[in-house]
Amino acid sequence: MNKDFLCLSDWSLEELEKIFTLTSELKSKQKAGMPHQLLEGKTLGMLFEKSSTRTRVSFEAGMFHLGGHALFLASGNTQMGRGEPIKDTARCMARYVDGVMIRTYSQQAIEEFAKYSSVPVINGLTDSYHPCQIMADLFTVSEHRENYRELTYCWIGDGNNMANSWINAAAVFGFALRVATPVGYEPDAEVCKRAADAGAKIFYTNDPREAAQGAQVLNTDVWASMGQEEEQQERAKAFAGYQINMDLVSLADPDCVVMHCLPAHRDEEITDEVMESRHAIIYDEAENRLHVQKAIMATLMG
């Protein structure tokens, strides 16, 4: 068992499916009003360099449900934000808390933190990966489709941290994945190579209509992520035609589901009509961040 949750490719299919099993149990207990305080008396330190809604609320509420406590730390209010070496912060925090969740820019930074931390470290998002979100996404699909590993998934948009994470997931879970990005906005080449070496069934294209054809799961994200705001206009031109709208949905399986990790720019990367349609499982997906992350925390910190 890995002590950290930094990237899906660090975990086996068996380990991740055990997290899904625990997720289902914890979600059922919460819905039934049954206590599930698996982390009673434990504390999670949460370090944020990037702003957040769902990540902060889901981790903080999740720790409360599990009987523990979460501490919110904005990087600008810590000594790390004033230049303290990561390894010093990591070593000290590990003596105060039972686990650390970090939402930051650099994957290298979170890996360095984990190297020097003696308690589990969870990746709440980096510019490279968003593993907790992908776990919530796949768990949500499994609730709507029993054969979730046999479906064809489609990623349309930027080759960003979400695209990288979907590629990692395809390699671990074995589902077919199609990735459609504009020229120059492809996913990380090393991530693609590692997935190919693992035998992943991934098709890459610059044509979103080709990718969507017959797919059972459509997924997208904003065209300009945090830190890329100055590229908004340039990206809007590059991504013209990559919008998930009802025309694109009509090319997919008639019973396809549509996901978005949120926040969404409605009528940009996805239309308001699609988000409000019968195909959207976006808010189930958002809710499941809570349940999946509780399972991850209980697995690592329990």
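What follows is calculated from the coordinates using simple rules that are stated; it is not laboratory data. For clarity, every value in this text was computed on a predicted model and none was experimentally measured. Because the Cβ atoms are built from the backbone with ideal geometry, glycine has one as well, and the counts that use them run over all protein chains shown.
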### Query
Roughly speaking, what is the stretch gain from Y283 to M246, that is 0.36 nm per residue apart minus the C-alpha to C-alpha distance, in nm to one decimal?
11.5 nm
### Message
Only counting other Cβ atoms within 10 Å, I'd like I167, I202 sorted with the fewest neighbours first.
### Response
I202, I167
### Task
Work out, in µm²/s and without decimals, the Stokes-Einstein translational diffusion coefficient of the chain at 4 °C, 1.567 mPa s, Rh from Kirkwood over C-alpha pairs.
66
### Query
For segment 133-226, what does the alpha-carbon gyration tensor say about shape, rounded, prolate or oblate, given a ≥ b ≥ c as the root eigenvalues, a/c under 1.5 as rounded, and a/b over b/c as prolate?
rounded
### Task
Please report the relative contact order for segment 63-125, taking Cα pairs under 8 Å with a sequence separation of at least 6, and give it as a percent rounded to a whole number.
30
### Message
Rounded to the nearest 20 debye, what is the charge dipole size of the chain about its Cα centre when +1 sits on each Lys and Arg Cβ and -1 on each Asp and Glu Cβ?
### Response
1060
### Message
Would segment 58-97 count as rounded, prolate or oblate if I go by the C-alpha gyration tensor, calling it rounded below 1.5 in a/c and otherwise prolate when a/b exceeds b/c, oblate otherwise?
### Response
oblate
### Positive-end extreme of charge dipole, the chain - chosen from M34, Q232, F139 (charges on Cβ)
M34
### Query
In what order do S52, S12, S58 fall by count of nearby beta-carbon atoms within 10 Å, going from fewest to most?
S12, S52, S58
### Task
Obtain the nm distance between the two label points defined at E186 and R145 by a simple spin-label model: each point lies 7 Å from its Cα along the Cα-to-C-beta direction.
2.6
## Note on the structure
Rounded to one decimal in nm, the spacing of the 7 Å Cα→Cβ label points at F203 and R266 is 3.3
### For segment 160-302: relative contact order, % (alpha-carbon pairs under 8 angstrom, 6 or more apart)
20
## Note on the structure
Candidate span helices, the chain: DSSP H, at least 24 Å along axis from Cα coords, Kyte-Doolittle average at least -0.5, result 282-301
### Message
Using DSSP to call loops (not H, G, I, E or B), can you name the GluC sites (Glu not before Pro) in segment 1-69 whose Cβ has at most 14 other Cβ atoms within 10 angstrom?
### Response
E40
### Query
Measuring from centroid to centroid over Cα atoms, what is the spacing of segment 139-170 and segment 20-86 in Å?
24
### Task
Compute the relative contact order of the chain as a whole-number percentage, counting only Cα pairs closer than 8 Å that sit 6 or more residues apart in sequence.
20
### Extension reserve of the E231-F72 stretch, reckoned as 0.36 nm per residue once the Cα distance is removed
54.2 nm
### Message
I need L66, L16 ordered by Cβ neighbour count within 10 Å, fewest first.
### Response
L16, L66
### Query
How would you classify segment 32-159 from its alpha-carbon gyration tensor, with a ≥ b ≥ c the square roots of the eigenvalues: rounded for a/c under 1.5, else prolate if a/b is greater than b/c, otherwise oblate?
oblate
### Among T220, T152, T205, residue whose mean-square fluctuation peaks in a GNM of the chain (springs only between Cα atoms under 10 Å)
T205
### Summary
Sites removed, the longest contiguous part of the chain containing no DSSP-loop trypsin sites (Lys or Arg not before Pro) with at most 11 other Cβ within 10 Å is 96-277
